[in-house]
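A short worksheet on the structure shown next.
The values are calculated or read from the model by the stated rules, or taken from the named source; none is laboratory data. On a predicted model such as this, the values are computed, not experimentally measured, just so you know. Cβ placement follows ideal geometry from the backbone for every residue including glycine, while neighbour counts extend to all protein chains displayed.
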Amino acid sequence: MTNNRKHIALFVGQADESYQSRFITGFLRNAFALDMDVCVFSMYHKYQDTAIREKGETNIFTLMRPELFDGAVVLADTIQTAGAAEDLDEWLYENFHKPVLMIESQSRHFPSVYTDCRESIEALIDHLVTVHGAEDIAFLCGKQWHEHSQQRLRAVENSLKIHGLTLPEDRIIYGDFWYLSGELCADRLLNCGKKLPDAVICANDCMAIGLCQAFEERGISVPEEIAVVSYDSIFEGQTSPKPITSAVIPAEELGEYSAGYMADRFAGRETPPFYAPKNLFMGESCGCVHCEIPKISTRRIEWGTVISQEGFDSVNNTMADDLISQTDLAGFAGTVYSHAFKIGAENFHLCLGDLWRYMGKSSDVHFGNDGYPDNMIYAVRFNKSFKDGIAGLDVSFDSSKLLPDLFEEREKPRAVFFTPVFSENTCFGYAAVEYGDKARSYDETYRKWILLVSRGLEALRRYLEANRIQEQLNNLKSSKFAAINAAYENLDSEEKADYELVTKILDNNLFTYRFQPIVSTTDGSIFSYEALMRSDTDRNLPPLTIVKYADMQHRLVDIERSTFMNVLSIVEKNLDKLGSAKIFINSIPGIMLEDEDLRTVEGYLEKLSDTVIVELTEESQLADDELERLKNILQRHNIKIAVDDYGSGYSNVNNLLRYMPNFVKIDRALISEIQIKPQKQHFVKEIINFCHDNDILALAEGVETSDELRVAIILGADLIQGFYTGKPAPDFMEEVSESVRKEITAYRSEFLAGSNIQRYIAGKTNRVSLSALTKESIAEIVVGKGAMIYKDITFYGTPGANSNVHIKIENGYKGRITLENITLTNDRKCPAVEIGENSDVTLVLSGDNVLMNSGIIVPMTSKLTIEGDGNMVIVLNSPEFCGIGNIPDCSAGELIFAQSGTIEIKGHGNSGVCIGGGKGGKIRMFSGQYILSTNGCRTVCIGSLSGDANVLIDSSNIIVDFTTQDGAAIGSVTGSSKISISKCTMKLQGDGSEIVGLGSVRGENAQVSVDISSLNMEIGGISLTGIGALRGTTRCEMSSTITKFMLSGADSLAVGGYSDDTYIRMNRCDAKWDVRNNLDTDCFAEEENFRIINGSGRFIVNGKEIQRTKSSD
């Protein structure tokens, strides 16, 4: 729903510069006070050095949508790109028929407001004349045509007149408001043939600084030999070697005034003229050496430093390297997200044109630089809280909204800065940054940071485009079966000889074959052989040469016919030698045999269906009808299919699904040097995982070294082919060498044991990107090993990015580990976070974190404290599970929960604990919300399975849903329970055979105390109790607590167990429960042991209310 606030558009150039920043600060302060939203559209520079870049900068102004805004303010003087301010003026006049205010600039159509320099300049000149005795004063003016120059020149002349002084023409030097103008002025004054003036007043501090530097370089001392003062005081002037005496432009006051002016226009009120009193910065450049200079504080606002907080200016900032190394847009977006915290903003958004989806896939992708496309990718949304983030290509929106939720209903007004994201004449999109309720502009850090993002996008664009072109070239160059159109006459003599020899080979079926073994990675046995074509001639021709010249002669069908006839004949004659081994036969895509030849081949295939596998190259794409015809023939005879050279040519998942082969041969280019190429390892692993998910055997082709063999096996390859395991030979090799078989067996054992994993030793930096580690195929992060430079570490991820990583914390580690927006999938079934013995770990949650398939293990000798304002979801699916604590047959260490966010744990399996240990442990929960659910035979949400449960819960919100045969929401199954609850809200819902809400199922006793809390239970089963030890003694004390129970089951009770050794004390409580059972009672405690003091109760059993006597304390 759109909010009812007024929305103002503010246009500016270089919003982080001093004047603009101060104006924006004042404007936002008053706009927030007046409950108005503001959108700032800013160029990064007031002007650029090329027309193309100027177009890229000013394009951001086209993003403004008139229908979204109620007014506009234009800092036209800061938009110095030629014609840009004028064009914006005209565009607003023609398209935006609402209040508009121009700042410090004339407009043909709209009112303007200016700061008045007269009082300040009068004060400066009065100071020079009366305090320092200056009589000859020169003026370094700005650009002669600029209205600010003319205003300040008139102010200087009038101020001098007050003191009876004049400003001769030769004492007026025109500059351009920039530092180099000082050098021009110094030379003019030194070379004019007159003595130096007593003082120079400059139109701004930039020129004053340049002038002082030029005088110093020419041996003139300021202020001893000449005084210099200025208008428009800035930080650089105030911190100069001799601080510049200068007047401060009331930019902040003008900003406040302008916001009020817009509010007056909306309300139909008149606004008085702008006025701000003079404000002088008295420095030393005028000669006031005795004056106290206001000191610029070097104190930081926060304790954290640039280095300790891994800020943008930190020596450890790897953002540029990380961006340039990205090879796809999703990874790029994730990298931007991971570095967004460096800008110190409340929120950041990166919106990219939808054409980015097709970058590197089509030659038709061209980005314009005139406006923004209708459809935008919401590539990045970063929030300071690290929650609800976006990083990827999944979310789109219409650019007419600027941002999806820009003006939705919210409690406080909002300010958003929009800046362009472009490179030269290529517009990628735009960025938006917010600082919450702080009245401020973006700063230099943000400008540098977002320009780095733009350059990174340009690098990615060039990479993707280069890859697209290279892939096209590779397909043309390397295709085994690409058509060659060269005429015979264009061949040289050697090529003609080859051409004629191929003709002879084809005419006379002069083919022979070599058989290369394909080896199983299970035990090194020979699974099959590939039949490789050779020429049976005196001069051997390479197979690709034969294919090349056969294609030129349009005789590929002859190769196809000879290959099948010859190889099938050899196979039929050698079935005894082959045994159970298979034969891979290469087929040329798109080449179909004549009917008579096809019948002969099909006759062979019918007899050899258990032996023959037809290999199709994936490098050349078959048309759908051709592929279907071929598959029908092969399926008719139960012939299996292999796809060759996967990873080259037309490789993609969709194409693979068209073939639906039984085998995939991974291209040798991906296997070559795979042991030193993490990117190849990652890609090959993905191919193998896809194969296994679809019941396809993965074959690694071209294995030529022991290292390549090892990596292929530990990545999961089922079959190996290559010179290392066996070279092609005329006869069928009986077995591979014993040494190679031993290697294969050893590597297979390594794969099964999981000892092949890549490890990252943490501690070299205090922020670690999980996305970067995933790209390097890192499977385990080790914390606390060796000498750590950083003991406290943040592991950060990006929204939507999963990391199959396990975090292992070494014995004895003591420190803080922050989890920031991470998702650990943990396919290896080991704990997501495994804490070593005798450790004291503080885990800080930031943003939204997810642990899939496993949780956090805390051994009995260690302590875990959870803090932070983030959330965590743990999803467990295994026979035995543990969320946070320890597995069913172990005790957990001390668990302390002090976070403010939500922890949600879903446990599914035979037995397990959400929070706690199988054999006990101490649990202390001091804050936060917990959503816990279990589904199994023997489960506990908080507590212990077989050990004693020691649980304290304070100031927390607990929601439990447990379905279990034996179990407890909070407590223990077979151990005793000691449970203390204070200032909590609890909602427990369960179903099972023998279960309890708070207490113990078969433990000896349960001690439960509840104070100032709300308990809501709805539990059904056979044997159960709400609070107590079902088959033991119960001691339950409740004070100032509201209870509402709905309990049903043949042997169900509200409190206590089946023993009369039960004591219940309820002080100042409001207790209500409804029990349905076969026992006709809600509790077996003796009447004197069920005490109700200063409270009320309504106890229903099978529809009848039980009356209990209230006791006095």
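Of these, Arg1108, Arg1031, which one is in the same structural domain as Asn1005 (by TED's automatic domain parsing), more than 19 Å from Gly997 (Cβ to Cβ), out of contact with any Pro (no Cβ under 6 Å at 6 or more places or on another chain) and outside any strand (DSSP E or B)? Explain how you work it out, then say what you get.
Numbers: Arg1031 fails: more than 19 Å from Gly997 (Cβ to Cβ).
Within the list Arg1108, Arg1031, the selection yields Arg1108.
Selection within the stretch 1057-1078: residues that are touching a Leu at 6+ places or on another chain (Cβ under 7 Å) and of a type in the set (A, V, I, L, M, F, W, C). The member of this set that is farthest from Thr1041 (Cα to Cα) is Val1075. Considering the conditions (1) at pLDDT below 90; (2) of a type in the set (Val, Ile, Thr); (3) closer than 16 Å to Val557 by Cα, Ile633 is excluded by exactly one of them, (3).
In the stretch 525-580, which residue that is among the polar types (S, T, N, Q) and not in a loop (DSSP other than H, G, I, E, B) is surrounded by the most Cβ atoms within 10 Å (Cβ to Cβ)? Step through it out loud before you land on a result.
We begin by selecting, within the stretch 525-580, every residue among the polar types (S, T, N, Q); these are 525, 528, 535, 537, 540, 545, 553, 562-563, 566, 569, 574, 580.
The next check asks that each one be not in a loop (DSSP other than H, G, I, E, B); those that pass are 528, 535, 545, 562-563, 566, 569.
Details: Ser528: 24, Ser535: 19, Thr545: 16, Ser562: 16, Thr563: 19, Asn566: 17, Ser569: 11.
Within the stretch 525-580, the match that is surrounded by the most Cβ atoms within 10 Å (Cβ to Cβ) is Ser528.
Taking strands (runs of 3 or more DSSP E) as the structural unit, those lying wholly within the stretch 790-847 and holding at least 2 residues that are within 28 Å of Asn347 (Cα to Cα) correspond to 793-796, 814-820, 840-846. None of Ser956, Ser982 is farther than 18 Å from Phe1045 by Cα, of a type outside the set (A, V, I, L, M, F, W, C) and within 37 Å of the chain's Cα centre (by Cα) except Ser956. Any residue at all in the stretch 353-371 that's of a type in the set (Ser, Thr, Tyr) and closer than 19 Å to Glu820 by Cα? No, because not a single residue in the stretch 353-371 is of a type in the set (Ser, Thr, Tyr) and closer than 19 Å to Glu820 by Cα. Going through Lys677, Lys727, Lys665 one at a time, which residue ends up being at negative phi, at pLDDT below 90 and of a type in the set (D, E, K, R)? Answer to the selection: Lys677.
Please go through the stretch 909-922 and give me each residue that is over 33 Å from the mean Cα position of the chain (by Cα) and in a strand (DSSP E or B), ordered by number. The answer is Ser911, Gly917, Gly921, Lys922. Taking residues in the stretch 496-514 that are more than 11 Å from Ser535 (Cα to Cα), and partners anywhere that are β-branched (Val, Ile, Thr) and part of a helix (DSSP H, G or I), the pairs with Cβ atoms closer than 9 Å and at least 6 places apart or on different chains are Asp498/Thr545; Asp498/Ile546. Given the condition of a type outside the set (D, E, K, R) and modelled with pLDDT under 90, answer yes or no: does some residue in the stretch 493-503 qualify? Taking every residue of the stretch 493-503 in turn, at least one turns out to be of a type outside the set (D, E, K, R) and modelled with pLDDT under 90. Going by the structure shown, is Thr774 more than 23 Å from Ile666 (Cα to Cα), under 37 Å from the mean Cα position of the chain (by Cα) and either assigned to a helix (DSSP H, G or I) or not aliphatic (A, V, I, L, M) (or both)? Here the answer is no, as Thr774 does not meet what is asked. Looking at the stretch 498-553 only, could you name the residues that are within 57 Å of the chain's Cα centre (by Cα) and acidic (Asp, Glu)? Across the stretch 498-553, the qualifying residues are Asp498, Asp523, Glu530, Asp551.
Residue by residue, here is whether (1) among the aliphatic types (A, V, I, L, M); (2) closer than 26 Å to Gly928 by Cβ holds:
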{"residue": "Val783", "(1), (2)": "yes, yes"}
{"residue": "Thr794", "(1), (2)": "no, yes"}
{"residue": "Glu810", "(1), (2)": "no, no"}
{"residue": "Ile835", "(1), (2)": "yes, yes"}
{"residue": "Val841", "(1), (2)": "yes, yes"}
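If you go through the stretch 1-51 and keep only what is of a type outside the set (D, E, K, R) and in a loop (DSSP other than H, G, I, E, B), you end up with Met1, Asn3, Asn4, Gln14, Ala15, Leu34, Tyr44, His45, Tyr47, Gln48, Thr50.
Only one entry of Gly429, Gly456 meets the criterion of being at positive phi, modelled with pLDDT of 85 or more and not assigned by TED's automatic domain parsing to the domain that holds Asp645, and that entry is Gly429. Does Val614 count as assigned to a helix (DSSP H, G or I), crowded, with 19+ Cβ neighbours inside 10 Å and not aromatic (Phe, Trp, Tyr)? Answer is no for this residue. Taking the criterion of being closer than 16 Å to Glu904 by Cβ, surrounded by fewer than 24 Cβ atoms within 10 Å (Cβ to Cβ) and among the hydrophobic types (A, V, I, L, M, F, W, C), the residues of the stretch 931-959 that qualify are Ile931, Ile958, Ile959. For the stretch 64-80, taking the residues that are in a loop (DSSP other than H, G, I, E, B) and either surrounded by fewer than 21 Cβ atoms within 10 Å (Cβ to Cβ) or among the small types (Gly, Ala, Ser) (or both), the one that is modelled with the lowest pLDDT is identified as Gln80.
Do the conditions hold for Arg1065, that is, is it in contact with a Phe, Trp or Tyr (Cβ under 8 Å, 6 or more places away or on another chain) and either closer than 19 Å to Val1101 by Cα or assigned by TED's automatic domain parsing to the domain that holds Ile1092 (or both)? Spelling it out, it is not the case that Arg1065 is in contact with a Phe, Trp or Tyr (Cβ under 8 Å, 6 or more places away or on another chain) and either closer than 19 Å to Val1101 by Cα or assigned by TED's automatic domain parsing to the domain that holds Ile1092 (or both). Taken over the stretch 340-365, residues that are touching a residue at least 60 places away in the same chain (Cβ under 8 Å) and closer than 16 Å to Lys384 by Cβ amount to 9. Out of (1) touching a residue at least 40 places away in the same chain (Cβ under 8 Å); (2) over 28 Å from Leu627 (Cβ atoms); (3) of a type in the set (Ser, Thr, Tyr), the odd one out for Ser528 is which? Of the numbered conditions (1) touching a residue at least 40 places away in the same chain (Cβ under 8 Å); (2) over 28 Å from Leu627 (Cβ atoms); (3) of a type in the set (Ser, Thr, Tyr), the odd one out for Ser528 is (2).
The one condition from (1) of a type in the set (Val, Ile, Thr); (2) over 44 Å from the mean Cα position of the chain (by Cα); (3) surrounded by fewer than 20 Cβ atoms within 10 Å (Cβ to Cβ); (4) within 23 Å of Lys906 (Cα to Cα) that Val1001 does not meet is (3). No other residue among Ser955, Ser946, Ser977 is farther than 25 Å from Glu1004 by Cα and in contact (Cβ under 8 Å) with a residue 12 or more places away in the chain apart from Ser955. When Ala779, Ala746, Ala712 are screened for being modelled with pLDDT under 85 and either part of a helix (DSSP H, G or I) or within 16 Å of His806 (Cα to Cα) (or both), only Ala779 passes. Taking the stretch 337-445 and the strands (runs of 3 or more DSSP E) fully enclosed by it, the elements with 3 or more residues that are surrounded by 19 or more Cβ atoms within 10 Å (Cβ to Cβ) are at 347-353, 375-383, 415-423, 426-434.
Being within 28 Å of Ala320 (Cβ to Cβ) and among the acidic types (Asp, Glu): is that true of Glu444 here? It is true that Glu444 is within 28 Å of Ala320 (Cβ to Cβ) and among the acidic types (Asp, Glu). For first residues located in the stretch 770-784 and assigned by TED's automatic domain parsing to the domain that holds Ala832, partners that are assigned to a helix (DSSP H, G or I) and lie 6+ apart or on another chain with Cβ distances below 6 Å form the pairs Ser771/Gly334; Glu776/Pro678; Ser777/Pro678; Ser777/Gln681; Ser777/His682. Among the residues of the stretch 868-896, those that are more than 27 Å from the chain's Cα centre (by Cα) and part of a strand (DSSP E or B) comprise Glu880, Phe881, Cys882, Gly885, Glu894, Leu895, Ile896.
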